[in-house]
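A quick write-up on the structure given underneath.
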Amino acid sequence: MARDLLRFATAGSVDDGKSTLVGRLLYDTKSVLADQIEAVERASVDKGMSTPDLSLLVDGLRAEREQGITIDVAYRYFGTPTREFVLADTPGHVQYTRNTVTGASTAELAVLLVDARNGIVEQTRRHAAVLALLRVPRLVLAINKIDLVGFDEETLTTIAKDFSGLARSVGFADEAVQVIPVSALAGDNVVERSTRTPWYDGPTLLGHLESVPVAGPEVSAPFRMPVQYVIRPRAGALPDAEERWGPLHDYRGYAGQVASGTVSPGDEVVVLPGGARTTVAAVDTADGPLDAAGAGRSVTIRLTDDIDISRGDLIAAAGAAPRVGSEIEATLCWLADKPLRAGARLLLKHGARTTQVIVGALGERLDVDSVRFVDPPEALTVNDIAMVSLRTADPLPVDDYADIRATGSFLLIDPPTGNTLAAGLVGAPLAVVEA
């Protein structure tokens, strides 16, 4: 039986123990090879440590190991009998906030660490704002190093209360947040329940990760599928193709991954930006046709009418289509070292389509320390988050990021180098609530 998949990210301040926590998860779930453990043990002895430094299982760059910090986003894959996981361990330094945006952009859950001795700090507020901006559906507040405060229940209660107000202020509902006291170094409440926190009756971190629902808002959203490739196979390309789909000279399919919603034969759809309407004739896969395909499934759609469709077009539910236009109001997370000013001419990648774009007026900038929007800047610098106006050369079908993340997100690209400059979110997805 296939196991479902949870994508999650870690975030938190420097030295809060993110990499150690990730290493503990990998170690205690037996997701690490014996030679890796031996290498970590040797490196730990060289550092004068009496116990293995599990953070070395994650911090792969030499600079990370030398400085004891995380610089790049480290992806790890592991599983249990219940579920498979893709984990993104993101940096804690302020200067690497852009990497947190990258790691959390596809996450269905985020584990935000705080040091039990320090409680909620500036970087906690910054990361909470970024996670809320990216519309990460669920959040775990892992209060780490609980052993260094004597496993004190009052410490947990105080930090949890402080964070509850912060989470509400950026738009997280109470039921979306789970607070767990842990010691990543000793393993308390990470995989196994700790006997040293008898006052805590909630789940372990792994128990929560295994049981939290993975169905995100994309499942119930209207159908969207960016076209990645038009399939017109030649005779003899697949031995049993004609038995499955009929004469190959009549086959025309549109391949892509369902970004949101569900598609079934008989559904009325619209092809954008052109606007032609038609009906789904079949939903094909390499293993045969399907009665329905949901978000995340890669399929080939056949339509009842011959329409001019190419890579970059969007097939969407006819009754709930996205808006199409060349003027976009969006929130930008600026990732590049060089500043962005109004009037810049860049490339915009939305789904499988790339078009030219001119940056218009720069709007209010998010002050992530106070989690409030402040006056527009003259230019955006690295790690800045601000509202902007954009004008594209070609009309694009877009949804608000708050409604559908896949069709509400885009990248800005530097034309000469092809480097990614910014992550864009259509609309104003951060629901800042006045305290």
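The values are calculated or read from the model by the stated rules, or taken from the named source; none is laboratory data. Every value quoted in this text rests on a predicted model; they were computed, and no experiment measured them. Virtual Cβ from ideal backbone geometry, glycine too; neighbours counted across all protein chains shown. Each accessible area value is taken on the protein alone, full model and side chains, heavy atoms only, with ligands, DNA and RNA left out. Shrake-Rupley method; radii C 1.70, N 1.55, O 1.52, S 1.80 Å.
Couple of notes before you dig in:
- In the set GLY165, GLY171, only one residue is touching a residue at least 40 places away in the same chain (Cβ under 8 Å), under 28 Å from the mean Cα position of the chain (by Cα) and surrounded by fewer than 15 Cβ atoms within 10 Å (Cβ to Cβ); that residue is GLY165.
- Test result for THR51, at pLDDT 85 or above and under 23 Å from SER194 (Cβ atoms): no
- Counting only strands (runs of 3 or more DSSP E) wholly contained in region 352-435, the ones carrying 3 or more residues that are out of contact with any Phe, Trp or Tyr (no Cβ under 8 Å at 6 or more places or on another chain) occupy 353-367, 372-374, 385-398, 409-413.
- Count of region 368-387 residues which are out of contact with any helix residue (DSSP H, G or I) (no Cβ under 6 Å at 6 or more places or on another chain) and either closer than 24 Å to THR407 by Cβ or open to solvent by less than 40 Å² (accessible area, probe 1.4 Å) (or both): 7
- Residues within region 388-435 that are farther than 30 Å from THR262 by Cβ and open to solvent by less than 40 Å² (accessible area, probe 1.4 Å), tallied: 8
- Exactly one residue out of LEU380, LEU366, LEU348, LEU362 is over 30 Å from GLN123 (Cβ atoms) and touching a residue at least 24 places away in the same chain (Cβ under 8 Å): that is LEU348.
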